[in-house]
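Heads up, the thing below is written out as structure tokens.
The values are calculated or read from the model by the stated rules, or taken from the named source; none is laboratory data. Just so it is clear, the structure is predicted and the values come from calculations on it, not from any experiment. So basically every Cβ, Gly included, is an ideal-geometry build from the backbone, and we count neighbours across all protein chains shown.
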Amino acid sequence: MNRRNPGGFERARPFPYERETEDERLLASVEELETIGRDAWRIFRIMGEFTEGFEEMTKVGRAVSVFGSARVKPDDPMYETCVTTARLLGEVGFAVITGGGPGIMEAANKGAREAGAKSVGCNIELPFEQSTNQFVDISIDFRYFFVRKTMFVKYAHAFVIFPGGFGTMDELFESLTLIQTGKVRHFPLVLMGTEYWGGLVDWIRNRMAAEGKIAPEDMDIIHLTDDPHEARNHIVGRLRRRQEILDGRPSSDWGPEL
């Protein structure tokens, strides 16, 4: 019998996600007066994180944010598709912003590096360690998800979303909401992977739109493709039209017609 464990069972090691994060502390319900006081002071840490993020991200210039699963391996065909997509975007003058981690994020930063474009990683404190991938040139660490998500939107001209899990879905539907409600305008959103996303897009069309939960024209927000060149051309074309609307004349700011 194990004297430290009278029941004779081996104690399980703590799961890596049992480590408390700043987001968890912020979102925890509190009743003790002392803890409530600490919550009020936490605003200064949040302000500091926004300030640091703004100062670093203003150097990035014209950019596209790329999202997708951290679990995609380099031998997955979608990894190479992401490298190609990011490289094509970098070659027409876009910086690439990711979450800075592995998988699709790494692939996007790699493509940016190959194009000689700025490669940005906005990493987040997680209960388990997530190291910044080797292809990031500008790395910024965040404690709070909502601060980090602000950077993804504020400093991007478009989103490209590859197959992913809950975090990717979060970014997808937040961006759809921001575009639908006019918080961001003329903002291209590309879903890469027709087989992966096709069922979801059909459900949105056949359930949400068909039942009047969204307007039929809301479907125009989403551009679904498997082709990196089509993704690049869609983003450049939409942004060129946006500039022409703002200027009231044809725009050459986005380079030649593709």
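Listed values, structure above:
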item	result
Meets criteria (in contact (Cβ under 8 Å) with a residue 12 or more places away in the chain, at positive phi and within 15 Å of the chain's Cα centre (by Cα)) for Gly103	yes
Members of segment 119-166 that are among the aromatic types (Phe, Trp, Tyr), surrounded by fewer than 16 Cβ atoms within 10 Å (Cβ to Cβ) and out of contact with any helix residue (DSSP H, G or I) (no Cβ under 6 Å at 6 or more places or on another chain)	Phe146, Phe166
Hits in segment 33-90 - residues which are buried (at least 16 other Cβ atoms within 10 Å of the Cβ), in contact with a strand residue (DSSP E or B) (Cβ under 7 Å, 6 or more places away or on another chain) and either among the small types (Gly, Ala, Ser) or on the phi > 0 side of the Ramachandran plot (or both)	Gly53, Ala63, Ser65, Gly68, Ala86, Gly90
The lone exception for Ile140 - which of (1) in contact (Cβ under 8 Å) with a residue 12 or more places away in the chain; (2) part of a helix (DSSP H, G or I); (3) among the β-branched types (Val, Ile, Thr) it fails	(2)
The listed residue being at pLDDT 95 or above, in contact with a Gly (Cβ under 9 Å, 6 or more places away or on another chain) and among the aromatic types (Phe, Trp, Tyr), out of Phe173, Phe162	Phe162
Test: residue in segment 183-200 that is acidic (Asp, Glu) and either free of Cβ contacts under 8 Å to residues at least 24 places away in the same chain or over 30 Å from Phe54 (Cβ atoms) (or both)	yes
Residue satisfying condition, being hydrophobic (A, V, I, L, M, F, W, C), assigned to a helix (DSSP H, G or I) and closer than 15 Å to Ala70 by Cα, within set Ala108, Ala112	Ala108
Sole residue being closer than 22 Å to Pro188 by Cβ, assigned to a helix (DSSP H, G or I) and modelled with pLDDT of 95 or more, chosen from Val120, Val83, Val66	Val83
Candidates Val190, Val184, filtered to the one that is farther than 19 Å from Gly121 by Cβ, at pLDDT below 95, under 16 Å from the mean Cα position of the chain (by Cα) and surrounded by 15 or more Cβ atoms within 10 Å (Cβ to Cβ)	Val184
